[in-house]
Amino acid sequence: MEVLIGVLSSLATTGLISILIFLARNLFIERLKLMLQKEHSKFLDELQWNRKVQEQASRVAEYMALARRLEESSSKSDYERANQLSWELAMWLPDEIYMQMTTAIGQPNQDVNEFSVVISVRKLLLGGKAGNLGPDDIAQHAPGIGKMNRSGT
């Protein structure tokens with residue numbers, strides 16, 4: 001009888017341990033799944049933010065390039081596109097950056113110009129990842145610019 005009780009006790013203990021191991025394993029797996037889902041969601045959110053940053057930066061660059069080359073003889077569609085971009089940018093850029101951008105296009109000076117706007121927007125969109133790029137580090141392309149730099153003028 002004692003042997004039977006011992007065997008039953010051992011079976012009960014083994015069964016209880018098996019159940020506890022099963023529950024602990026399932027708990028671990030569920031926590032791992034939840035952690036991976038959170039990481040995946042965070043990764044997707046970061047990808048979406050990066051795409052949005054690229055789209056906004058593209059709009060700023062497109063507007064500034066278009067607005068700089070507008071002339072009296074420019075097409076109506078160029079003016080319409082410039083207005084559309086300007087109004088879109090007015091809706092999301094902070095006041096000081098939008099005003100800096102319009103000044104850079106209409107009345108650029110040493111402190112407020114296309115390059116300072118690029119840096120301001122870069123800092124806004126990239127935050128701490130913006131680095132130390134400055135206005136003097138931005139490339140500009142124009143006919144004959146290489147000849148001017150080589151001759152020292």
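What follows draws every value from the coordinates through simple rules; no lab data is involved. Keep in mind the model is a prediction, meaning the values are calculated, not measured. Cβ atoms come from the backbone with ideal geometry, glycine included; neighbour counts cover every protein chain shown.
Taking every lysine pair in the chain that is 8 or more places apart or spans two chains, those with Cα atoms closer than 29 Å amount to 11. A straight chain from residue 31 to residue 74 at 0.36 nm per residue would run longer than the Cα-Cα distance by 9.4 nm. If the segment from residue 132 to residue 111 were pulled out straight at 0.36 nm per residue, it would be longer than the present Cα-Cα gap by 5.9 nm. Along the chain, counting only GluC sites (Glu not before Pro) with a DSSP assignment other than H, G, I, E or B and at most 11 other Cβ atoms inside a 10 Å radius, the longest segment between sites is 73-153.
Expressed as a fraction of 2.2 N^0.38 Å, the C-alpha radius of gyration for region 39-134 is 1.20. A cut-off under 12 angstrom between Cβ atoms defines the neighbours of residue 24, and their net charge, with Lys, Arg +1 and Asp, Glu -1, is +1.
Entry note, the chain: the mean residue ellipticity at 222 nm calculated from DSSP H runs of n ≥ 4, each adding -39500 (n - 2.57), is -27000 deg cm²/dmol after division by the residues and rounding to the nearest 500. Computed extension gain for residue 8 through residue 84, at 0.36 nm per residue and net of the alpha carbon distance, reaches 19.2 nm.
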